[in-house]
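The values are calculated or read from the model by the stated rules, or taken from the named source; none is laboratory data. Source: prediction; values computed, not measured. So basically every Cβ, Gly included, is an ideal-geometry build from the backbone, and we count neighbours across all protein chains shown. These area figures cover heavy atoms from the full protein model, side chains too; ligands, DNA and RNA do not enter into them. Shrake-Rupley method; radii C 1.70, N 1.55, O 1.52, S 1.80 Å.
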Amino acid sequence: MNQLAIKELLYKIADDQLILGHRNSEWTGVGPTLEEDIAFSSMAQDKVGQSLAFYKLLHNMGENDPDTVAFMRNAEQFHNCQLVELPSGEYDFSLIRHFLFDFAESARFRRLSESSVKDIADVANKLKGEIKYHTMHANIWIKKLGNATDESIERLQSALNYAFPYALGIFEKSPFETDLIENGVFVGEAQLQEEWLEEVQNVINQTQLILPTVTDEEIKYGGRIGKHTNHLQPLLTEMSEVFKIDPTAEW
Amino acid sequence: MYGGGNSFEHLDLDRSLENEDPQLLAEFEARIARGEKIEPSDWMPALYRKQLIRMIEQHAHSEIIGALPEGTWITRAPGFKRKMALMAKVQDEVGHAQLLYAAAETLGKPREKMIEDLINGKSKYSNIFNYPAYTWADSTVISWLVDAGAIVNQLANSKGSYGPYCRALDRICAEEAFHLKYGHHSVIHLSTGSAKQREMVQAALNRWWTPLMHFFGPPDKMSTHTEILTRWKVKMSTNDENRQQFLDMYVPKIWDLGLTIPDPNLKKNETTEKWEYTEPDWEEFKRVINGDGPCNKERLAVRRRAEERGAWVRKAIMKPVEKPVTPLA
C-alpha cells in the first residue's frame, strides 16, 4: 500500500481536528451562555486530542513529532478543509459549522473504523464514541434554534447559506482516492458525502431551515492541497507565537 | 479562582437585625454554633442572605472574569500538552462560575440579574483579574500562584455555614488542586529552562507579586468589622490569616525554583512565626477595585460584548416561538 496515500489521509483528518479545535476554543469565556461556553470548550479539547491521536500515527510512520508538525508548519503545508479555518464569527456560524463538520466527522470515523489499516481502524473506533456527543449536541441546538424565533431562524439560515459551499469542500478528493478505496483503507469521499448529506438533510428537515443549492463551481475546494483562505496563516502565527520563541525548549 | 477581601456591606448591626424574630435568630445562631449547615428553605436573617448573595456572586463573577486573562493564552499555548491542559483549566473556571451562580440563585437572585450587575459595575469581582497577562509566563504564574491563593481562601470558606456554597466549594477545590499542579509544572519548566524562559517567568513573578499580596484583601487592621459574619460562619478566616498561610506554603516553593521575590523585606520572623513583608500599595488596591486598574474597562467590555452577542441565543431558548414544521407533502 502506498504510504503517501495513507499519510495524506491522516494529515487531512488531523489538520481538520486541530484547526477546528483551535477555533472552538476561542469561545472560552465569551460563549452565549455559560453552558455553551463549557460545551464548546469540551468539543475543542476533544478535537485537539483527536488531532494528536492522528499526528501520533503519522509520527509512527516516520513523520516529525506532533508538536513540531502542528506548531512549525506554514499554511500551505496544512491539509485541512477551508471550512474549519474560517473565523469563529458569531455563535450562529460556529454552531452551523460544528453541525456540518461533525456529521461529516462522525461518518468518517464510522467508515474508518472498518479500515484495512488496523492502527487507523483502532483510533477511529475509539473516536467514534467521542464524536457521538458532538453530533448530539449539534442536533439539539440546530433543532432548538432552527425552530425558535424569527431572528434565530434567519441567523442560522444565513450562516448555513454561507457555510454550505465550504462544508462540501470537506469532501475534496485525495490524489490517491482510487488507491485508498481499492485497498480498503477508506470508503472514499464521494460515498462519505452521500452518507453525510442524508444525515444533515434529516436534521434540517426537522427545522425551519433549508439546505441551499450549490453548484459544483461554488464548492470551496483547495484546502486539501494547501490552498487556504487568508484566515489560516494568522491563526497559525498566533498558535505558534510562544512555541517559536524557542522550538527546542520544553515548555 | 478567588481571593479574600470580599467587599462586605457596611454593617449597621442595630438596624440590620431589629426586624428579626429574636427566637428564630437565636435558633439560627445555635444551629450554626453546633456546626449545622443552613439550607435554602431554612429560616435565615435578611442580613445573612444579603451578605451571602454578595459573597457568592462576587466569587462567581471572579471565575468568569478570571477566565479572560488566561483564556487569551489558550490559542497561543506552546505545544499539545499545554494547549489541552490550559483549555481544560479555563473551562473549569467557567464551570465554577456556573456552579456558584446556581448556589447564589438558591438565595433568590437570578443569574441574569447577577450578570447584569457585573456588567453595570454594581457588583465586584476579584481585583487581581484587572491586571494584564503580558506573556505566556504570566499565564503560568496565574495558574500556579493565583490558584494557590484561591485554594487557601476557598478551603476556609468551604467550612462555612451555607450548605449549597460549601458543597460547590468542595467540588471547586478538588478541581483547583489540578490547576495548581498544572501551574506549578509549567512554572518549573520555565524556571529550569532556557535563559529566555527564566527571564520570562521572573518578569512575570515581578509583575504579579503585588497583585498576589493584594489578593487576600487589606490588612485586618484596615478591614471592615466582620464579627457577626465570623459568628455566622460567612467569613471563615481573616485576610491576614489567609495571606500568612499562602506565604508559608508558597514562598519556599518559589525560592526552591531559584526565583527572586521582589520584596527585599520578605522574611519569616522565627520568634513570631509570621512572615514580614513590605505592605503593598493599598491606595493602588483601592483605585483598582474602584474601577481604575489597568484592565477593568477591558474586562467588563469583553463581558458586556459577550452578553450582547449571545442575547439572541438566550432569547431563543427562553422564549421559543413554537412554529409547526411545514409538511413537505
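When we screen B:Q23, B:Q58 for residues that are away from every other protein chain (no Cβ under 14 Å), open to solvent by 50 Å² or more (accessible area, probe 1.4 Å), among the polar types (S, T, N, Q) and assigned to a helix (DSSP H, G or I), the only hit is B:Q23. Within the range A:94-127, the set of residues being in contact with a Lys or Arg (Cβ under 9 Å, 6 or more places away or on another chain) and either open to solvent by 10 Å² or more (accessible area, probe 1.4 Å) or under 13 Å from A:F186 (Cβ atoms) (or both) comprises A:S106, A:F109, A:R110, A:L112, A:S113, A:V123, A:A124.
In the range B:135-162, what residues are among the hydroxyl-bearing types (S, T, Y) and closer than 18 Å to B:W73 by Cβ? Matches in the range B:135-162: B:T135, B:S139, B:T140, B:S143.
In the range A:1-107, counting only helices (runs of 4 or more DSSP H) that sit wholly within it, the ones holding 3 or more residues that are closer than 23 Å to A:D246 by Cα and within 9 Å of chain B (Cβ to nearest Cβ) span A:34-60, A:66-72. Looking for something away from chain B (no Cβ under 11 Å) and under 30 Å from B:S194 (Cβ atoms) - is there at least one such residue anywhere in the range A:215-232? The answer is yes, given that some residue of the range A:215-232 is away from chain B (no Cβ under 11 Å) and under 30 Å from B:S194 (Cβ atoms).
Residues of the range A:159-179 that are touching a helix residue (DSSP H, G or I) at 6+ places or on another chain (Cβ under 6 Å) and within 11 Å of A:F93 (Cβ to Cβ): A:A159, A:L160, A:A163, A:Y166. No other residue among B:L155, B:L169 is among the aliphatic types (A, V, I, L, M), surrounded by fewer than 21 Cβ atoms within 10 Å (Cβ to Cβ) and farther than 14 Å from B:W208 by Cα apart from B:L155.
Listed by first and then second residue, the pairs linking a residue in the range A:215-236 that is over 19 Å from A:A167 (Cβ atoms) to a residue that is in a loop (DSSP other than H, G, I, E, B) and of a type in the set (A, V, I, L, M, F, W, C), with Cβ atoms under 8 Å apart and 6 or more places separating them unless they lie on different chains, are A:G226/A:F78; A:L236/A:F78. Of the residues that make up the range B:100-118, is at least one under 23 Å from B:V288 (Cβ atoms), under 17 Å from the mean Cα position of the chain (by Cα) and open to solvent by 10 Å² or more (accessible area, probe 1.4 Å)? Yes: one or more hits.
Looking for whichever is out of contact with any strand residue (DSSP E or B) (no Cβ under 9 Å at 6 or more places or on another chain), open to solvent by 30 Å² or more (accessible area, probe 1.4 Å) and within 14 Å of chain A (Cβ to nearest Cβ) here; the options are B:D92, B:D42. Which one fits? B:D92 is the lone residue from the list that is out of contact with any strand residue (DSSP E or B) (no Cβ under 9 Å at 6 or more places or on another chain), open to solvent by 30 Å² or more (accessible area, probe 1.4 Å) and within 14 Å of chain A (Cβ to nearest Cβ).
Screening the range B:225-315 for helices (runs of 4 or more DSSP H) wholly inside it with 1 or more residues that are open to solvent by less than 60 Å² (accessible area, probe 1.4 Å) and hydroxyl-bearing (S, T, Y) returns the ranges B:239-256.
Applying the criterion of at least 2 residues that are free of Cβ contacts under 8 Å to residues at least 60 places away in the same chain to the helices (runs of 4 or more DSSP H) found wholly in the range B:119-223 leaves B:147-157, B:163-191, B:195-215. Filtering B:P132, B:P69 for residues that are farther than 28 Å from B:M236 by Cβ, in contact with a Lys or Arg (Cβ under 9 Å, 6 or more places away or on another chain) and of a type outside the set (D, E) leaves a single hit, B:P132.
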